[in-house]
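Q: This is the structure I want to talk about, given as structure tokens.
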Ligand code: 3PG
């Protein structure tokens with residue numbers, strides 16, 4: 001189901017503290033035209049939020065992000081996540097995802113990381129942190145020696161409405177990830193209509 005990200009070319013990176021925010025947020029994204037989201041394992045509520053959306057909003061393709069250990073991969077899978085991502089490349093995390101048949105996108109930032117990921121059979125890689133690492137220019141140069149392998153990247157970190165096109169215009173970019181349309185302040189203040197508006201605007205720019 002990771003193809004859902006590639007189809008829409010945008011994956012909102014969500015941090016949720018409260019399970020009761022999961023559904024309204026999912027609805028705000030759907031209203032804006034987006035049926036995919038990554039819920040990060042950075043809060044205690046992450047697994048419950050994924051489960052809620054998987055059960056009550058099956059039209060949403062929900063993935064789990066920030067999976068840092070095999071145990072979190074297990075919880076993500078048990079909660080109903082249909083794909084997983086991580087900021088880095090942890091072979092133990094990847095092995096668990098493979099064992100559970102959870103499509104997985106590890107994070108990379110260097111040529112060595114890319115070669116290690118390719119060697120482990122991954123060809124969809126999160127490029128993180130995209131902005132601080134050097135942005136689209138850096139990603140273009142980094143991907144140069146590897147584009148012919150068919151590898152695709154999901155740059156994340158520092159992407160927003162102003163710079164998203166520069167990433168999407170690169171042929172090695174499958175999709176972009178980011179929190180700008182689901183910013184934690186917007187979620188905390190339950191500004192669902194703004195989230196819908198920002199989602200619609202982002203999709204229009206794709
Ligand atoms: C991630 O985990 O992918 C990033 O925290 C998202 O980065 P952003 O908040 O800069 O969009």
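Q: I'm trying to understand the selection: among the residues of segment 38-78, which are assigned to a loop (DSSP other than H, G, I, E, B), within 15 Å of the ligand (Cβ to nearest atom) and closer than 21 Å to residue 125 by Cα? Steps first, answer last, please.
A: Narrowing segment 38-78 to residues assigned to a loop (DSSP other than H, G, I, E, B): 41-45, 57-60, 66-69.
Filter once more, so that each one left must be within 15 Å of the ligand (Cβ to nearest atom): 41-43, 66-68.
Scanning segment 38-78 gives 41, 42, 66, 67, 68.
Q: Does residue 113 satisfy being in contact with a helix residue (DSSP H, G or I) (Cβ under 8 Å, 6 or more places away or on another chain) and either surrounded by 24 or more Cβ atoms within 10 Å (Cβ to Cβ) or free of Cβ contacts under 8 Å to residues at least 40 places away in the same chain (or both)? Break it down stepwise before answering.
A: On the way: in contact with a helix residue (DSSP H, G or I) (Cβ under 8 Å, 6 or more places away or on another chain): no; either surrounded by 24 or more Cβ atoms within 10 Å (Cβ to Cβ) or free of Cβ contacts under 8 Å to residues at least 40 places away in the same chain (or both): yes.
So residue 113 does not fit the description; no.
Q: Does segment 94-119 hold any residues that are within 15 Å of residue 146 (Cα to Cα) and either more than 15 Å from the ligand (Cβ to nearest atom) or outside any strand (DSSP E or B) (or both), and which are they?
A: In the first step, residues of segment 94-119 are kept if they are within 15 Å of residue 146 (Cα to Cα); the result is 108-119.
109, 110, 111, 112, 113, 114, 115, 116, 117, 118, 119, listed by residue number.
Q: Which one of these is within 19 Å of residue 204 (Cβ to Cβ) and surrounded by 16 or more Cβ atoms within 10 Å (Cβ to Cβ): 50, 5?
A: Working: 50 fails: within 19 Å of residue 204 (Cβ to Cβ).
That would be 5, the only listed residue that is within 19 Å of residue 204 (Cβ to Cβ) and surrounded by 16 or more Cβ atoms within 10 Å (Cβ to Cβ).
Q: Conditions: (1) under 29 Å from residue 160 (Cβ atoms); (2) within 18 Å of the chain's Cα centre (by Cα). Residue 69 meets all but one. Number of the miss?
A: The number of the failed condition is (1).
Q: I'm checking my understanding of the structure. Among residues of segment 12-44 that are in contact with a strand residue (DSSP E or B) (Cβ under 9 Å, 6 or more places away or on another chain) and over 20 Å from residue 198 (Cβ atoms), which one is surrounded by the most Cβ atoms within 10 Å (Cβ to Cβ)?
A: The selected residue is 41.
Q: Determine whether residue 81 is in contact with a helix residue (DSSP H, G or I) (Cβ under 9 Å, 6 or more places away or on another chain), in a loop (DSSP other than H, G, I, E, B) and surrounded by 18 or more Cβ atoms within 10 Å (Cβ to Cβ). Outline the logic, then answer.
A: Working: in contact with a helix residue (DSSP H, G or I) (Cβ under 9 Å, 6 or more places away or on another chain): yes; in a loop (DSSP other than H, G, I, E, B): yes; surrounded by 18 or more Cβ atoms within 10 Å (Cβ to Cβ): yes.
Answer is yes for this residue.
Q: Which of the residues that make up segment 144-171 are loosely packed, with under 15 Cβ neighbours inside 10 Å and in contact (Cβ under 8 Å) with a residue 40 or more places away in the chain?
A: Correct list: 161, 165.
Q: So, restricting to helices (runs of 4 or more DSSP H) that lie completely within segment 123-200, which ones have at least 3 residues that are within 17 Å of residue 6 (Cβ to Cβ) and within 15 Å of the ligand (Cβ to nearest atom)?
A: Passing ranges, in order: 164-168.
Q: Anything in segment 119-129 that is surrounded by fewer than 22 Cβ atoms within 10 Å (Cβ to Cβ) and under 23 Å from residue 77 (Cα atoms)? List them, or say none.
A: Going through segment 119-129, the residues surrounded by fewer than 22 Cβ atoms within 10 Å (Cβ to Cβ) turn out to be 119-123, 129.
Within segment 119-129, 120, 121, 122, 123 qualify.
Every number in this text was worked out from the coordinates using simple rules, so none of it is lab data. Owing to the predicted nature of the structure, the values given are computational and were not obtained by experimental measurement. In this analysis, Cβ positions are derived from the backbone assuming ideal geometry, glycine residues included, and neighbour counts consider all displayed protein chains.
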